[in-house]
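Only one structure is covered here, and it is reproduced in the block below.
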Amino acid sequence: MRFGLALPQYGDFADGASVAEVARQAERLGAASLWASDRLLVATHPRNRYPRFGGESDIPAAYRVFLDPLAVLAAAAAVTSTPRLGTDVLVAPWYPPALLARTLATVDRISAGRLVVGLGTGWSADEYEAVGVSLAERGSRLDEALDVLDHLWTGDPVAHRGAHWTVPESHPGVRPVGHPPVLLSAFAGRALRRVVERADGWLPADLPTWLLGHLWTGLREQAEAAGRDPGTLRFVVRICPTGDANSPVGGSVGEVADYLLAAAELGAHECVADLQQVCRTPAELIEFAGHLIDKLA
């Protein structure tokens, strides 16, 4: 199982120097990938509470300052040469897909083809309202965004007319080096079927290992029933330890390593650790990551 690290992005870590330093040091330690996630705002009176397994909880105060994920990946691309760069996850329905295709392709090109596109639908009605998109349409918008991304990255000329967006026949302005792998975050129903039908892999986050194993087994069974080789599905696990009661993993190096090793036993190909809620400085984050890499090795 390969090890990936979430880049500094929010709270006290939300500055360019931290992004560059952690990216460089993570590459030195041998991290296989670097990741950024997507939060837009924290409403003062949220209509949805922050979802954590085992109950609801308040949205972390650190999320009030949250850097743009693709800008963070571009900054990391400039100071590294080997780790893959992933979104975990980008809330695709917020973005016009023609613009999203251009920005993602740009990050892929400036990183020499290292981009991994992790997409999801989010959960906050307040964030959806802020971008003028209906939360009820998030599934159909993700499906159509996947169509547009595929068209713009593989066709020339390209045209698209759908329920939400229209792209007149045109020549794509920027294409990625290849077709970046697309992973989807999903936990139930149609979202899990979409992984089998549309994606290169599954990107779950913060699930207890018993549920992680149950869903992964179900995904592989769905793939086989649909005539797809289950071996073609990538399984990338993200964990954001906080040490609180609602987290499926504790906040120590040993507890995080035990969780990730258990995920590897379930078949995970890669793990992503977001350590920004259990570390206070970039140096502490890198030290924690180094101990994790040693234990996982």
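Read the figures in this text as sums done on the coordinates, not as results from a lab. Everything numeric in this text was worked out from a predicted model, so none of it was measured. Here the Cβ is made from the backbone with ideal geometry for all residues, glycine too, and neighbour counts use every protein chain on show.
Details
- CD proxy at 222 nm, helix term only [per DSSP H run n ≥ 4: -39500 (n - 2.57); per residue of the chain; nearest 500]: -12500 deg cm²/dmol
- Total charge dipole magnitude, the range 1-159, about the Cα centre, Cβ charges on Lys, Arg, Asp, Glu only, Debye to nearest 20: 420 debye
- Extension gain for residue 295 to residue 174 (0.36 nm times residue separation, less C-alpha to C-alpha distance): 39.5 nm.
- On the beta carbon distance between residue 211 and residue 58, with R0 = 22 Å, the FRET formula returns roughly 0.45.
- About its Cα centre, the dipole of the range 181-261 is roughly 380 debye, where the only charges are +1 on Lys and Arg Cβ and -1 on Asp and Glu Cβ.
- The value of relative contact order for the range 2-296, using C-alpha pairs under 8 Å at least six residues apart, is 19 percent.
- Look at where the Cα atoms of the range 95-153 and of the range 247-297 average out, and the two centres are 28 Å apart.
- Placing unit charges on each Cβ (+1 for Lys and Arg, -1 for Asp and Glu) gives the chain a dipole about its Cα centre, and among 33, 257, 174 the Cα reaching farthest toward its positive end belongs to 174.
- Electrostatic dipole magnitude of the chain [Cβ: Lys, Arg +1; Asp, Glu -1; Cα centre; debye, to 20]: 380 debye
- Modelled label positions at residue 232 and residue 28, each set 7 Å beyond Cα in the direction of Cβ, lie 4.1 nm from each other.
- Within-14-Å neighbourhood charge of residue 115 [Cβ basis; K, R +1; D, E -1]: +2
- Shape of the chain, Cα gyration tensor, a/c cut at 1.5: rounded
- Percentage relative contact order, the range 5-147, counting C-alpha pairs under 8 Å, at least six apart: 26 percent
- With a cut-off of 10 Å between beta carbons, the residues surrounding residue 228 carry a summed charge of -2, where Lys and Arg count +1 and Asp and Glu -1.
- Dipole orientation for the range 2-296: of the candidates 92, 290, 204, 92 has the Cα lying most toward the positive pole (charges on Cβ; Lys, Arg +1; Asp, Glu -1).
- Applying 0.36 nm per residue to the separation of residue 283 and residue 221 and subtracting their alpha-carbon distance, the gain on full extension is 18.1 nm.
- 13 Å beta-carbon shell around residue 181, net charge (K/R +1, D/E -1): -1
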